[in-house]
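Chemist: Starting off with a structure, shown below.
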């Protein structure tokens, strides 16, 4: 009889509900074993090194260190570990960043159980996996990007939504006002702001607006 190979999984997410949800979903499947949890990117790197899992579910937006930076570090130190980004962000720029950082796949948090399993099986067999919703979104975004004339700083890519957020910040809108105008949640706005600051390596709104002005994202003329 062939012995079933167990897939050892580490889950990194700063929301207990997500951690519990994935654990509860996969626990009944005997070939999957949850070996650890992490609530931020730094902890994810540390636990990946100590536990050496086969697969990591990696949230992109986490405190201390974001999931993309954590993915890059883990991929450098443990190239055999497969990393599946787990996120609510559908923009193709995030997908590109995850894959460039060494990630093996990109899965939306609202994906069904069957897609979680499909993604696990794909990446653990050496393939890449993109959420079905993401595949459709990327096609739409490619068309939209062709119409954009906003230049980027070399090595840094801002998503369409991130540019919208920056413009709203320049208009002196509060996070709640931005959320209301863009019809998204307050937490989503806060997450985008944190990602923007980390991505551009700026620590203040003044520095952020200076960057945006220099790269023609906003204009005060």
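Every read-out reported here was derived from the displayed coordinates using simple, explicitly stated rules and does not represent laboratory data. Quick caveat: nothing in here was measured; it's all calculated off a predicted structure. Backbone-built Cβ (ideal geometry, glycine too); neighbour counts: all protein chains shown.
Chemist: Taking just the alpha carbons, could you work out the radius of gyration and Dmax for region 7-136, both in angstroms?
Modeler: Final numbers for Rg and Dmax: 12.8, 37 Å.
Chemist: What is the ratio of the Cα radius of gyration of region 149-214 to 2.2 N^0.38 Å, with N the residue count, to two decimals?
Modeler: On the way: Rg = 11.3 Å, N = 66, 2.2 N^0.38 = 10.8 Å.
Computed over Cα atoms of region 149-214, the ratio equals 1.05.
Chemist: Let me ask something else. Just want the ordering: 27, 194, 92, 161, from fewest to most Cβ atoms lying within 10 Å of their own Cβ.
Modeler: Working: 27 11, 194 14, 92 23, 161 20.
Fewest-to-most Cβ neighbours within 10 Å comes out as 27, 194, 161, 92.
Chemist: Which of 95, 202, 123 ends up with the largest GNM mean-square fluctuation for the chain, with Cα atoms connected below 10 Å?
Modeler: Looking only at 95, 202, 123, the largest GNM fluctuation is found for 202.
Chemist: Also: Sorted from fewest to most neighbouring beta carbons within 10 Å, what does the list 116, 57 look like? Walk me through the intermediate numbers first.
Modeler: Details: 116 19, 57 29.
Ranking 116, 57 by Cβ neighbours within 10 Å, fewest first, gives 116, 57.
Chemist: Go ahead and set up a Gaussian network model of the chain, Cα springs under 10 Å, then flag whichever of 189, 206, 45 fluctuates most.
Modeler: 206
Chemist: How far apart, in nanometres, would the label points at residue 30 and residue 186 be if each is projected 7 angstrom from Cα along the Cα-to-Cβ direction?
Modeler: In this crude label model, residue 30 to residue 186 measures out at 4.8 nm.
Chemist: Given only helices, namely DSSP H runs of n ≥ 4 each adding -39500 (n - 2.57), what is the per-residue ellipticity at 222 nm of the chain, to the nearest 500 deg cm²/dmol? Please report the intermediate quantities before stating the final value.
Modeler: On the way: 10 runs with 112 residues, N = 221.
That comes out to -15500 deg cm²/dmol.
Chemist: Gaussian network model of the chain, Cα springs within a sub-10 Å range: biggest mean-square fluctuation belongs to which of 33, 42, 112?
Modeler: Highest fluctuation of the listed residues: 112.
Chemist: Could you tell me whether region 43-104 comes out rounded, prolate or oblate from its Cα gyration tensor? Rule is a ≥ b ≥ c as square roots of the eigenvalues, rounded for a/c under 1.5, then prolate if a/b exceeds b/c, otherwise oblate. Present the calculation step by step, with values, prior to reporting the outcome.
Modeler: On the way: a/c = 1.92, a/b = 1.50, b/c = 1.29.
It comes out prolate by the Cα gyration axes.
Chemist: Which whole-number percent is the relative contact order of region 159-209 (Cα, under 8 Å, 6+ apart)? Intermediate values should be presented prior to the final figure.
Modeler: Numbers: 25 pairs, mean separation 16.8, N = 51.
Once normalised by length, the contact order is 33 percent.
Chemist: Say R0 is 35 Å: what FRET efficiency, to the nearest 0.05, do residue 114 and residue 213 get from their beta-carbon distance? Don't skip to the end; give the middle numbers.
Modeler: Numbers: r = 47 Å, r/R0 = 1.34.
Efficiency for this residue pair is about 0.15.
Chemist: If you compute Cα extents along the principal axes in Å for the structure shown, which of (1) 58, 38, 36; (2) 74, 33, 32; (3) 71, 39, 31 do you land on?
Modeler: Among (1) 58, 38, 36; (2) 74, 33, 32; (3) 71, 39, 31, the one calculated here is (2).
Chemist: Sticking with this one: Give the relative contact order (percent, whole number) for region 1-119; include only Cα pairs under 8 Å separated by 6+ residues.
Modeler: Working: 208 pairs, mean separation 25.7, N = 119.
Taking the mean separation of contacting Cα pairs over the length of region 1-119, I get 22 percent.
Chemist: Using the Cα gyration tensor of region 84-131, with a ≥ b ≥ c the square roots of its eigenvalues, what is the shape: rounded (a/c below 1.5), prolate (a/b larger than b/c) or oblate (neither)?
Modeler: It is oblate, given that a/c is not under 1.5 and a/b is not larger than b/c.
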